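Visitor: Below is a structure I'd like to ask you about.
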Amino acid sequence: MVGAKNSVLKLMAAALLAEGRTEVTNIPRILDVTIMSEVLRRLGCDVVADGDTLVIDVPAEPRTEADYDLVRQLRASICVLGPLLTRCGHVKVALPGGDAIGSRGLDMHIAGLERMGAEITNEHGFVIASVDRLRGADIVLEFPSVGATENIVTAAVLAKGTTVIDNAAREPEIVDICAMLSAMGAQIDGAGTSTIVVDGVDALRPVTHRTVGDRIVAGTWAFAAAMTRGDVTVRGADPAHLDVVLEKLASTGAEVTRYGTEGFRVAAADRPRAVDVVTLPYPGFPTDLLAPAIALGTVAEGASMVTENVFDARFMFVNELARLGADARTDGHHAVVRGKHVLSGAPVRATDIRAGAALVLAGLCADGVTEVADVHHIDRGYPDFVPQLESLGADVRRVTVPDVELPPAL
Ligand code: EPU
């Protein structure tokens, strides 16, 4: 399994913390890596892809401004905030604005950095932050935000003194970035728990780091197997990162086999049984697998209740599923899905990465042809999606070429 999108983008930003040549390996061939590479280049880094390795050469004095034209394409660009502020004492990053899955504020990122002594203003569409040197602080997050945890940790590693983050996010991608930071010389305890303690150091050194396998891509293939009465083996993704997901799939009737920390197999002989799903921060059921879970519900035996607790607008794509004849209704944070034996192929439109993948899976369970438009969303997060599906026996083809060249042809 290739590296996780939601890890690699942060690892790339963390490279900014040390002058010199950082190598991030196991990079996925996705559009978001291309855009993040451009963000780093504009900050003065030299970024070159060599196979599945990205070599990032960081100058002694990086530039500290990230413009709107890139940040609006890649919300995760905001993760340069912590590294640049702590290393350079100044940073100006465009505000990403809203996107298709909800309002997604930055208040916890900003409050955390302010507690560490940063002066932060919001002017003309930019977050502008400055400080002589950040100092350690006790920070309690209102919600275990992945992005806020990452920005605060990457800032705290070069702060003066100790930072304690309570109610921190516990995602495997947080553990991955903390592992890379520790190899760079940072002092971090508690990654993967709700309390992360960071003792600031004076400088960090560049390293080579392998990106953790993508549990969301792995989980998407697991849903594909359960929905299509298929049999899929995933290697290079730790099943422990998908505990709740694999339990759910077992409840649908699929046979789930785990191979230690190396991978897993999902095999389904019958139509899936409906299961209820509630998304929560890790280790709960991931919001990034909400769309495949709803897609499964549309062809399952029985009715499922799906509850989204992380983002406020992730149900937008349910209207697209309705075009395939799905019986799914939403009310606030809940969706009720009544499964049908078969869906009915139709033209639909991807509204975000995960919705795009889920619509393709639904199309596999539909009579006739389903045409999914706006597949650039899928390119953002799923490497070689169509060839991988074809290799699993799906009748699928791509009719448009990607807008932008994907890595490794960076
Ligand atoms: N939030 C705030 N204020 C903040 C920060 C977050 O209100 O200061 C809210 C958000 O609006 C949202 C919730 O808290 O409702 C969760 O946000 P979080 O910060 O945890 O998410 P994120 O860092 O913006 C990352 C992933 C998402 C994934 C979430 C949750 C990246 C680049 N993105 O987003 O991935 O869904 O964590 O696990 O890491 C995807 O890959 O499709 C995707 C959307």
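The values are calculated or read from the model by the stated rules, or taken from the named source; none is laboratory data. Worth saying up front: this structure is predicted, and the values here are computed from it rather than measured. No Cβ is skipped: glycine too gets one built from the backbone with ideal geometry, and neighbour counts run over all protein chains shown. The area values use the complete protein model at the heavy-atom level, side chains included, leaving out ligands, DNA and RNA. Shrake-Rupley method; radii C 1.70, N 1.55, O 1.52, S 1.80 Å.
Visitor: When both residues are 6+ apart or on different chains and their Cβ atoms are under 7 Å apart, which pairs have a first residue that lies in region 318-344 and is charged (D, E, K, R), and a second that is part of a helix (DSSP H, G or I)?
Guide: Every condition considered, the pairs that remain are 320/359; 340/298; 340/299.
Visitor: In addition: Hey, can you tell me all the residues within region 316-329 that are within 25 Å of the chain's Cα centre (by Cα) and either more than 16 Å from the ligand (Cβ to nearest atom) or open to solvent by less than 30 Å² (accessible area, probe 1.4 Å) (or both)?
Guide: 317, 318, 319, 320, 321
Visitor: Determine which single condition residue 91 fails, assuming it passes every other condition in (1) surrounded by 15 or more Cβ atoms within 10 Å (Cβ to Cβ); (2) of a type outside the set (Ser, Thr, Tyr); (3) in contact with a Gly (Cβ under 7 Å, 6 or more places away or on another chain).
Guide: (3)
Visitor: Right, here's the next one. Quick one: in region 231-286, of everything that is open to solvent by 20 Å² or more (accessible area, probe 1.4 Å) and polar (S, T, N, Q), which residue is nearest to residue 391 (Cα to Cα)?
Guide: Looking at the filtered set, the residue picked out is 233.
Visitor: So, one more: Mind listing whichever residues of region 40-49 are within 23 Å of residue 4 (Cβ to Cβ) and open to solvent by 30 Å² or more (accessible area, probe 1.4 Å)?
Guide: 41, 48
Visitor: Residues that are assigned to a loop (DSSP other than H, G, I, E, B), in contact (Cβ under 8 Å) with a residue 60 or more places away in the chain and away from the ligand (no atom under 15 Å from the Cβ): does region 273-290 have at least one?
Guide: Yes, region 273-290 contains a residue that is assigned to a loop (DSSP other than H, G, I, E, B), in contact (Cβ under 8 Å) with a residue 60 or more places away in the chain and away from the ligand (no atom under 15 Å from the Cβ).
Visitor: Can you spot a residue in region 14-26 that is charged (D, E, K, R), in contact with an Asp or Glu (Cβ under 9 Å, 6 or more places away or on another chain) and free of Cβ contacts under 8 Å to residues at least 40 places away in the same chain?
Guide: Checked against the condition, which is being charged (D, E, K, R), in contact with an Asp or Glu (Cβ under 9 Å, 6 or more places away or on another chain) and free of Cβ contacts under 8 Å to residues at least 40 places away in the same chain, region 14-26 yields no hits at all.
Visitor: Sticking with this structure for a sec: Taking the condition open to solvent by 10 Å² or more (accessible area, probe 1.4 Å), away from the ligand (no atom under 16 Å from the Cβ) and more than 24 Å from residue 214 (Cα to Cα), does residue 335 pass?
Guide: Taking the combined requirement at face value, the residue does not satisfy it.
Visitor: A follow-up question, please. Here's a check for you: in region 50-63, which residue that is over 21 Å from the mean Cα position of the chain (by Cα) and open to solvent by 30 Å² or more (accessible area, probe 1.4 Å) is nearest to residue 379 (Cα to Cα)?
Guide: 51
Visitor: Looking at (1) farther than 17 Å from residue 359 by Cα; (2) in contact with a strand residue (DSSP E or B) (Cβ under 9 Å, 6 or more places away or on another chain), can you tell me which one residue 314 breaks?
Guide: (1)
Visitor: Of all the residues that make up region 136-191, how many are in a helix (DSSP H, G or I), open to solvent by 20 Å² or more (accessible area, probe 1.4 Å), of a type in the set (A, V, I, L, M, F, W, C) and free of Cβ contacts under 8 Å to residues at least 60 places away in the same chain?
Guide: Of the residues in region 136-191, 3 are in a helix (DSSP H, G or I), open to solvent by 20 Å² or more (accessible area, probe 1.4 Å), of a type in the set (A, V, I, L, M, F, W, C) and free of Cβ contacts under 8 Å to residues at least 60 places away in the same chain.
Visitor: For residue 129, which of the numbered conditions (1) in a strand (DSSP E or B); (2) away from the ligand (no atom under 16 Å from the Cβ); (3) within 14 Å of residue 86 (Cβ to Cβ) fails to hold?
Guide: Single failed check for residue 129: (2).
Visitor: Continuing with the same structure: Say whether the condition of being farther than 19 Å from residue 181 by Cβ, among the hydrophobic types (A, V, I, L, M, F, W, C) and within 16 Å of the ligand (Cβ to nearest atom) is met by at least one residue in region 145-165.
Guide: Within region 145-165, not a single residue is farther than 19 Å from residue 181 by Cβ, among the hydrophobic types (A, V, I, L, M, F, W, C) and within 16 Å of the ligand (Cβ to nearest atom).
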